[in-house]
Amino acid sequence: MLYLDLPLFLASTCSVSTFYMVAQRELYPTAWKRRIRYMPFLMATGIGLSVMNAKMVIEALCGVKSDFVRTPKYRVEGRHARWERNKYARKSGWIPYVELGLAGYFLFTTVYSFSVQDYFTAPFLLLFFGGYFYMGCLSLLQAPLRRAWNAAPSLVRSRSVSA
């Protein structure tokens, strides 16, 4: 099994990570080695965005006119304005549930890879799990968690008071 997995792992993971490492070395010649530790998070985030990107590509190929709603604009103006109070509300739709479903699938495949003692594929599968889980949770929970944080009493968190 290792003979089949090794070329796939090298072709899919190492080529992308090498590209990002070379880019970091060119951008930050003195600090690029410290940035290598963030490579798995970068790759997982890119994987997590694939469902939304695929939806957008399919809509474009089918001629559906749609806006890019992944980064909504809240029109926050003024120093004390908060985006949580804005009436603009983007419905998360079905994409976060697909992302969480894929996260569940890759968690299952990771557990399965351990059960059949195929340890070499587990880090690769965990990249997919982490990316899909992060994007799904972020899409569903970002606004409610931010609202709850801002509504928390000052005993829970410290709030900066400006005069």
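Listed values, structure above:
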| quantity | calculated |
| --- | --- |
| Evaluation of MET43 against (1) buried (at least 16 other Cβ atoms within 10 Å of the Cβ); (2) free of Cβ contacts under 8 Å to residues at least 12 places away in the same chain (one fails), failing number | (2) |
| Of all residues making up the stretch 11-35, the number that are β-branched (Val, Ile, Thr) and modelled with pLDDT of 85 or more | 3 |
| Count - residues of the stretch 90-146 that are part of a loop (DSSP other than H, G, I, E, B), free of Cβ contacts under 8 Å to residues at least 40 places away in the same chain and over 20 Å from LEU49 (Cα atoms) | 2 |
| Residues (among the aliphatic types (A, V, I, L, M) and either over 15 Å from LEU100 (Cβ atoms) or surrounded by 20 or more Cβ atoms within 10 Å (Cβ to Cβ) (or both)) located in the stretch 122-144 | ALA122, LEU125, LEU126, LEU127, MET135, ALA143 |
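Results for (1) over 18 Å from the mean Cα position of the chain (by Cα); (2) surrounded by 12 or more Cβ atoms within 10 Å (Cβ to Cβ), shown as yes or no for each residue.
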| site | (1), (2) |
| --- | --- |
| ARG25 | yes, yes |
| MET39 | no, yes |
| GLY48 | no, yes |
| MET52 | no, yes |
| ILE58 | yes, no |
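The values are calculated or read from the model by the stated rules, or taken from the named source; none is laboratory data. None of the values given here were measured: they were computed from a predicted structure. Reconstructed Cβ throughout: ideal geometry from the backbone, glycine too, with neighbour counts over all protein chains shown.
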